[in-house]
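First up is the structure itself, then whatever we jot down about it.
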Amino acid sequence: GKIFRNWYIFGGPFRNYDFGGNKTWDGYLLAVQGQFLNYWGFNTMLAYNPQTISNTLTRGGPLALIPSGYEIDFDLTTDSRKQIVISTYQYYYSRPTDGYSWSGSVSLRWKPRTNISFSIGPDYYVRKSSIQWVTRMDDPLMAETFGTRYVFGGYFQRMLSSNIRLNWTFNPRLSLELYLQPLLAVGKYDQFKELASPKKYEYNLFGEDGSTISYSDSAEEYTVDPDGPGPAPDFSFANPDFNFKSLRGTIVLRWEYLPGSILYFVWTQNRADEANPGDFNFRRDMGDLFTAPGDN
């Protein structure tokens, strides 16, 4: 046509069940994909998910209700025949009663010569949820959830990562490949609670209705009394906040000195650091990452 080289649209319902007959995924989607006359490509999708049942949220415990949500995706890629190719991707998912997640990325691929290719693709991800798994504690008095307290927390996570690649073919027998992946992932927990009833979106918030919760800086753990002066025993769990930083890199030199006979020279380095859990600071965290000891 006058605008598109090709395009198509599709949509419909989808549904999953487990072997117990529980509806674990459900929804409706509409997607449009295509390519413009200038060879730029695009892909977009809208989806809606009614509430479903999760058989994994409690890590082997009772079934849990997952509230309804919706998703919006969009990506765009420039002409892949060119020396420079740029792609962008946006993803947003929201459960209005629970939280949301968003991811955005931009990638660039540069081919200055036919035998050299360089690509870099930073990605930023944010997630907020009120029911992130923390731990489980045995308590025969918690009859509603079959003698165990399933502890969750409010959760806010930020993650920044990138994939960096270089492929350089010197001749048909000699090539160099480089791969580098920096990663910053920070998670902060609050509003700790327990599942109140199976198959319901009901949680008992610690610190309300007679329950108490306190934090010990020295032990780096929370202590909960689920019913105050009642008979239920206290329990403690470690602070789940984290700040994980890693840098993984690999360089491979490949030499085919005789047909079918190849030597590989490989160097791999891994760096990691976990300082300042729950606190995201890009400049400080990147500094910690590059000064962290590495395994070679």
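Observations on the model:
- Test: residue in the range 248-263 that is under 29 Å from Ala143 (Cα atoms) and either touching a Gly at 6+ places or on another chain (Cβ under 7 Å) or at pLDDT 95 or above (or both): no
- Residue match in the range 11-22 (condition: open to solvent by 70 Å² or more (accessible area, probe 1.4 Å) and within 30 Å of Lys111 (Cα to Cα)): no
- Long-range neighbours under 9 Å by Cβ, at least six apart or interchain, first residue closer than 14 Å to Asn22 by Cβ within the range 46-57, second open to solvent by 30 Å² or more (accessible area, probe 1.4 Å) and of a type in the set (A, V, I, L, M, F, W, C): Thr52/Trp25; Ile53/Leu63; Ser54/Leu63; Asn55/Leu63; Leu57/Leu63; Leu57/Trp133
- Screening the range 171-188 for residues that are under 16 Å from the mean Cα position of the chain (by Cα) and open to solvent by 20 Å² or more (accessible area, probe 1.4 Å) and picking the one that is farthest from Tyr203 (Cα to Cα) gives Gln181.
- For the range 185-200, the candidate set comprises residues that are outside any strand (DSSP E or B) and not basic (Lys, Arg); within that set, the residue that is nearest to Thr58 (Cα to Cα) is Pro198.
- Candidate set: the range 85-120, residues that are closer than 23 Å to Asn171 by Cα and free of Cβ contacts under 8 Å to residues at least 40 places away in the same chain; chosen: the one least open to solvent (accessible area, probe 1.4 Å): Pro112
- Candidate set from the range 206-260 (those that are in a strand (DSSP E or B), more than 30 Å from the chain's Cα centre (by Cα) and of a type in the set (Ser, Thr, Tyr)); member that is surrounded by the most Cβ atoms within 10 Å (Cβ to Cβ): Thr212
- Of all positions in the range 189-200, at least one carries a residue that is among the aliphatic types (A, V, I, L, M) and either over 25 Å from the mean Cα position of the chain (by Cα) or surrounded by 13 or more Cβ atoms within 10 Å (Cβ to Cβ) (or both).
- Verdict on Ser162 being of a type in the set (S, T, N, Q) and not in a strand (DSSP E or B): no
- Only listed residue being part of a loop (DSSP other than H, G, I, E, B), in contact with a Ser or Thr (Cβ under 7 Å, 6 or more places away or on another chain) and within 30 Å of Tyr201 (Cα to Cα), chosen from Gly61, Gly21: Gly61
Residue by residue, here is whether (1) part of a strand (DSSP E or B); (2) open to solvent by less than 90 Å² (accessible area, probe 1.4 Å); (3) within 30 Å of Gln83 (Cβ to Cβ) holds:
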{"position": "Tyr8", "(1), (2), (3)": "yes, no, yes"}
{"position": "Trp25", "(1), (2), (3)": "yes, yes, no"}
{"position": "Tyr28", "(1), (2), (3)": "yes, no, no"}
{"position": "Gln35", "(1), (2), (3)": "yes, yes, yes"}
{"position": "Asn38", "(1), (2), (3)": "no, yes, yes"}
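The values are calculated or read from the model by the stated rules, or taken from the named source; none is laboratory data. It should be emphasised that the depicted structure is a prediction, and the values quoted were computed from it without experimental measurement. Here the Cβ is made from the backbone with ideal geometry for all residues, glycine too, and neighbour counts use every protein chain on show. Surface accessibility is based on the protein's heavy atoms, side chains included, excluding ligands, DNA and RNA. Shrake-Rupley method; radii C 1.70, N 1.55, O 1.52, S 1.80 Å.
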